[in-house]
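Novice: Just dropping this structure here.
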Amino acid sequence: MGSTHDVEVTVNGEPRAATVSARTSLADLLRDQLGLTGTHLGCEHGVCGACTVLLDGAPARSCILLAAQLDGESITTVEGLAGPGGELNPLQRAFCRTHALQCGFCTPGMLLALQPLVDENPAPTPHYIDEAIGGNICRCTGYVQIREAIALAATRRADAAAGERVARG
């Protein structure tokens, strides 16, 4: 039997502790031990992007990360994107508005791959959008609605920021 490791991670803002085998992936820790099933498993080789989470704010493939190596890290899953009370964040609302979620299997990974772009770039160009989604496979949408959702979310975020600046004077 393989060795086990105690890990403490912050998941969606909450400290969590678990004992994992040396070979347990972050995806398996999230899904099987922590009950966060929004992280999907597709290829389990880090190619499809369905398992994308944010690791210290940057997109990462949870299927190829070993949970035992992540002690002390901060992880955001799709469950952590919504606001208090479950209110969808602007990117999630834009996905709904533009019908960018079709079957929904790739959606959690897409949202987490795109959230840093929307947070950091108020007007992402098609090049930056394509770079952000380049590692995520969607078999349903053809990516058109996904690109529209990103542009809509970025525009709404920029408009909200401008409104806040005006309100402050």
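The values are calculated or read from the model by the stated rules, or taken from the named source; none is laboratory data. Predicted model, so just to flag it, every value in this text is computed and none were measured. Don't worry about glycine lacking a Cβ; one is built from the backbone with ideal geometry, like all the others, and counts go over all protein chains shown.
Novice: Could you please give the count of residues in region 50-103 that are surrounded by fewer than 19 Cβ atoms within 10 Å (Cβ to Cβ) and either among the acidic types (Asp, Glu) or in contact with a His (Cβ under 6 Å, 6 or more places away or on another chain) (or both)?
Specialist: Here the count works out to 5.
Novice: When you go through Ala151, Ala161 one by one, which is the residue that is of a type in the set (A, V, I, L, M), touching a residue at least 24 places away in the same chain (Cβ under 8 Å) and surrounded by fewer than 13 Cβ atoms within 10 Å (Cβ to Cβ)?
Specialist: Working: Ala151 fails: surrounded by fewer than 13 Cβ atoms within 10 Å (Cβ to Cβ).
Of the residues listed, the single one that is of a type in the set (A, V, I, L, M), touching a residue at least 24 places away in the same chain (Cβ under 8 Å) and surrounded by fewer than 13 Cβ atoms within 10 Å (Cβ to Cβ) is Ala161.
Novice: Oh, and also: Count, please, the residues in region 130-148 that happen to be part of a helix (DSSP H, G or I) and either within 15 Å of the chain's Cα centre (by Cα) or not aliphatic (A, V, I, L, M) (or both).
Specialist: Of all residues in region 130-148, those part of a helix (DSSP H, G or I) come to 130-133, 144-148.
From what is left, the residues that are either within 15 Å of the chain's Cα centre (by Cα) or not aliphatic (A, V, I, L, M) (or both) are 130-133, 145-148.
Number of matching residues: 8.
Novice: If we keep just the residues of region 105-128 that are among the polar types (S, T, N, Q) and part of a loop (DSSP other than H, G, I, E, B), which is farthest from Cys140 (Cα to Cα)?
Specialist: Step one: list which residues in region 105-128 are among the polar types (S, T, N, Q), which gives 107, 115, 121, 125.
If we keep only those that are part of a loop (DSSP other than H, G, I, E, B) as well, we get 121, 125.
Values: Asn121: 26, Thr125: 23 Å.
Applying the filter and picking the extreme gives Asn121.
Novice: Let me ask something else about it. For the structure I just gave you, tell me whether His40 is under 15 Å from the mean Cα position of the chain (by Cα) and either in the same structural domain as Cys138 (by TED's automatic domain parsing) or not hydrophobic (A, V, I, L, M, F, W, C) (or both).
Specialist: Working: under 15 Å from the mean Cα position of the chain (by Cα): yes; either in the same structural domain as Cys138 (by TED's automatic domain parsing) or not hydrophobic (A, V, I, L, M, F, W, C) (or both): yes.
Yes.
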